[in-house]
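Report on one structure; see the data block that follows.
The values are calculated or read from the model by the stated rules, or taken from the named source; none is laboratory data. Bear in mind the structure is a predicted one, so any value in this text is a computation, not a measurement. For neighbour counting, all protein chains shown are included, and Cβ atoms are generated from backbone atoms with ideal geometry for every residue, glycine included. The area values use the complete protein model at the heavy-atom level, side chains included, leaving out ligands, DNA and RNA. Shrake-Rupley method; radii C 1.70, N 1.55, O 1.52, S 1.80 Å.
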Amino acid sequence: MSEMNTTHTGRVAVVTGASTGIGEATARALRRDGWTVYAVARRAGRLEALARETGAIAAPCDVRSEDEVAALRDQVLEEQGRVDALLNISGGARGTDTVAEARTEDWQWMYDVNVLGTMRMTRAFLPALRENGEGTVLNLTSLAAHRAYEGGGGYNAAKYAERAMTEALRLEEAEHNVRVVEIAPGLVHTPEFSLRRLGGDEEAAAKVYAGVEKPLTAEDVARVCAFAVNLPHHVDLDTVTIKPVAQAAPHKLIRTA
């Protein structure tokens, strides 16, 4: 069944990471709210399926590529003449090694996607967001950006950096009336995220959620992201951490089995 909404707000959003998980759910949520949505990710096939279902615009792009990001920006501005919100959802983790056993290639990938990818997208779209007069940048970080944990050093480092960049951006762009939002989820049931982090080990990925009665879902987080950008522009959900009730803290997760 199509999720396309015939109510048009006239607002334009660019959502990265839209081929799966929170990014896909956020693109769907904004389409239901009547936004024109550019769904951005590397996997064109998944984006085309999303476009057919929701009316989003499939926009294949690797946020690690300067040229592809620039081409995406040019496409959006040529087709729409404006952008109202940039939602940097793409990111990810690789490995659970300690710092002593860190794999340089994993750390480089995490930094490039989570930090430099967010920077590239933000830098590309900031002039248009400023010109808009009421632009919004929403960065999806993580609880890992607020609390470090053993085996999370690389992901912690990347997400702490993304959070620091977000805070600096908020200070820099306030005079341009660009609203800057940080959404930091805790445990979200997004199996593909865990599979990537654990090298495709399905059994290990399943254990991440084992016994947790109600972890967050991608749709839960997407609802908050959509709420944040739909609020009147003068209202900034500066930093929002979201955890399931079972996750009282990063080190305290209630498992029933």
Extension gain (nm, one decimal) between ALA148 and GLU203, 0.36 nm per residue minus Cα-Cα: 17.4 nm
Segment 12-253 - accessible surface per residue (Å², probe 1.4 Å): 44
Contact order normalised by residue count of segment 12-253, Cα under 8 Å, 6+ apart, percent: 19
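When the chain is fully extended, how far beyond the present Cα-Cα distance does ARG103 get from ARG130, taking 0.36 nm per residue of separation?
Details: separation 27, 0.36 × 27 = 9.72 nm, distance 3.90 nm.
Stretched out fully, the ARG103 to ARG130 stretch lengthens by 5.8 nm.
Can you figure out the FRET efficiency of ARG223 with GLU78, using R₀ = 25 Å and their beta-carbon distance, to the nearest 0.05?
0.20
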Theoretical FRET efficiency, 1/(1+(r/R0)^6), r = Cβ-Cβ of ALA249 and ASP67, R0 51 Å, to 0.05: 0.75
Rough spin-label spacing in nm, given labels placed 7 Å along Cα→Cβ, for THR256 and LEU171: 4.5
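Are there any GluC sites (Glu not before Pro) in segment 61-108 that are in a DSSP loop and have at most 13 other Cβ atoms within 10 Å? List them by number.
Working: sites: GLU66, GLU68, GLU78, GLU79, GLU101, GLU105; in loops: none.
Qualifying residues, ordered by number: none.
Quick one: pull the percent of accessible area on the chain belonging to carbon and sulfur, 1.4 Å probe, ligands and nucleic acids left out.
Values: 6170 of 12160 Å².
The computed percentage sits at 51.
Quick check on the chain: what are the equivalent-ellipsoid semi-axes from the Cα gyration tensor, as sqrt(5λ), descending, whole Å? Before the final figure, lay out each step's value.
On the way: eigenvalues 163, 80, 67 Å².
Semi-axes, largest first: 29, 20, 18 Å.
If you keep only loop residues by DSSP, which trypsin sites (Lys or Arg not before Pro) in segment 84-148 have at most 13 other Cβ atoms within 10 Å of their Cβ?
Details: sites: ARG94, ARG103, ARG120, ARG123, ARG130, ARG147; in loops: ARG94, ARG103, ARG147.
Hits after loop and neighbour filter: ARG103.
Out of segment 202-257, which GluC sites (Glu not before Pro) are coil in DSSP terms and have no more than 12 other C-beta atoms within 10 Å?
Values: sites: GLU202, GLU203, GLU213, GLU219; in loops: GLU213.
Of the GluC sites (Glu not before Pro), the ones in loops of segment 202-257 whose Cβ has at most 12 other Cβ atoms within 10 Å are GLU213.
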